[in-house]
Every structure is written in C-alpha cells, then in structure tokens.
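Accompanying notes for the structure given below.
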Amino acid sequence: MKDLYLLITIVQRSDAEEYEDFYRSHSVGVTYSIPCNGTAHARTLSLLGLERTEKTMLLSTVSAKMLATLKRSLTVEMKIDLPNRGVAMAVGLSGIGGMRTLEYFMAGQETETEETEEKKMQSEHELIVAIYEKGYTDLVMDAAREAGARGGTTIRAKGTGVGAEKFFGISLAEEKEIVFIVSHGEKKKDIMKAIMQKAGVDTKAHALVFSLPVSETAGFRFADTVDKDGE
C-alpha cells in the first residue's frame, strides 16, 4: 500500500490527551494509545530538557496526503520540535487486510493509487525494533548507546505463537519487552550489531532485532542539533 503509513507518536503521558484531540481535529479517526517508558540516558535527557517520565505511544494509520498535513501541523500547532514535546515518525505499510479494513483505518481520508516522487524519497532515519526477555532493557540499551543510539521507548508484550512453544530455545509465550529506537541511517548497522553481540539470542536477554525505514519524522530537529554539536 504505497499511500498508507503507520504514524507513531511518542509523547509524555500527561500530553497524550492533547495529542489525541489534535489528531481527532485533523480527521484521524482511529488512534491506538499504548503506555510505555522512555530509556534515554540521563545526559541526553538533560541536554534535551526532558525528564525521565512515563510516555504514551499513539499509533495511527494515515494516507500520504494526511501525513503531509500532519507533519506541518505537528510542528506549527503542537510545537513538537521543542524540547519535551515528543517525537513522531511514519513507516510505510506494505499491505492491509481488505477494503473493509482499509475503510475502517482511513475513516474518510483520501488515498492515492499512484506513487509520487515525494513518496520515493528516503528518510535519513531508521526505526530499530528489539524484542527481548523482560528485565533486560538496561543490557540492550547500554549496547545500543555505545553504538550511538540516543535512547528508546519500551513497551511490554507477550508472545502468541501458535504451535511453536520454543524457537531457537527462546520461549514465545513468556512476557517480553520491546524497545523502539530511532536512529540515523548511517548508525543503524552499528546499533543493531552491538545489540546482537551483547544482548542477542545467545545471551540471557535473547534479543531479536529488526529495522524499518522511516518515511517521515517530526520532533527530531532539536535532538539532531544536539548530536551534531557533540560530535
């Protein structure tokens, strides 16, 4: 689905309702809210003016046209580029389960059938996802930070694999933690390699890692400036 994107917004939990209202006001009818926690290093939190607080992840499915509007509005209306206001990223969807599902998620949004030059442009960011045993966030994030990651956002999950209780010795049904790390493209391989070496399947963390291309971002401008100043 070249015209559809999963928009991921991570904000302070106290700001979640404000962002939900913002998306509703822009006709984004379906948004899922997930409690999560930030993992950024204390020095990074200090530089960005952030506090170590609980977060909320908002998931919305949007069209390319809606995404372009939201990207501008997140900066202008929600001031997402300012410290402590959150971040947003969009990941292109490769498929969706039928027209009724499409209609449900789009809720009246306009979609296109032809790929435009704008949609062919690649973002300089990547979304790294690591799934690991509960309680090993510090091990995973220490490895990621040593390779250049600023921080991540964690959620808890439980495997639901059918007919496969264990995979490479890893129980699928036990409670897991998932960390989402947004990285510059040139740092992605180093971060993933570090996690696999220090917290991978042969360690107690049993981390499984993959990455997704991020099509659009909002809220990273200030953080990127801090990174460049620190180089």
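Nothing in this text is a laboratory measurement; each read-out follows from the coordinates by a stated rule. Please read all numbers here as calculations on a predicted model, not as lab measurements. Methodologically, a virtual Cβ is constructed for each residue, glycine included, from the backbone with ideal geometry; neighbour enumeration extends over all protein chains shown.
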Seminar exercise, completed: Residue by residue through region 127-134, the couplings from Karplus 6.51 cos²θ - 1.76 cosθ + 1.60 with θ = phi - 60°, in Hz, x for Gly and Pro, are 9, 9, 10, 10, 10, 8, 5, 4
Seminar exercise, completed: Residues whose modelled amide H sits under 5 Å from the amide H of LEU4, counting only those 5 or more places away in sequence or on another chain, are LEU93
For this session: Please list, in chain and number order, the residues 5+ apart from GLY152 or on another chain whose amide H is under 5 Å from its amide H, with Hs placed from the backbone.
Result: THR39, ALA40
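Between LYS193 and GLU103, what is the FRET efficiency for a Förster distance of 41 Å, r being their Cβ-Cβ separation, to the nearest 0.05?
On the way: r = 42 Å, r/R0 = 1.02.
After rounding, the FRET efficiency stands at 0.50.
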Problem set entry | Contour excess over end-to-end distance, with Cα ends at SER33 and ILE155 and 0.36 nm allotted per residue | 42.8 nm
For this session: Report the extension gain between GLU110 and ASP202 in nm, rounded to one decimal, defined as 0.36 nm multiplied by the number of residues separating them, less their alpha carbon distance.
Result: 28.4 nm
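Grab the other residues whose beta carbon is less than 9 angstrom from that of VAL214, score K and R as +1, D and E as -1, and report the net.
Around VAL214, the surrounding residues sum to -3.
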Exercise. How high is the FRET efficiency from ASP142 to ASN84, r the C-beta distance, R0 30 Å, rounded to 0.05?
Worked result: 0.80
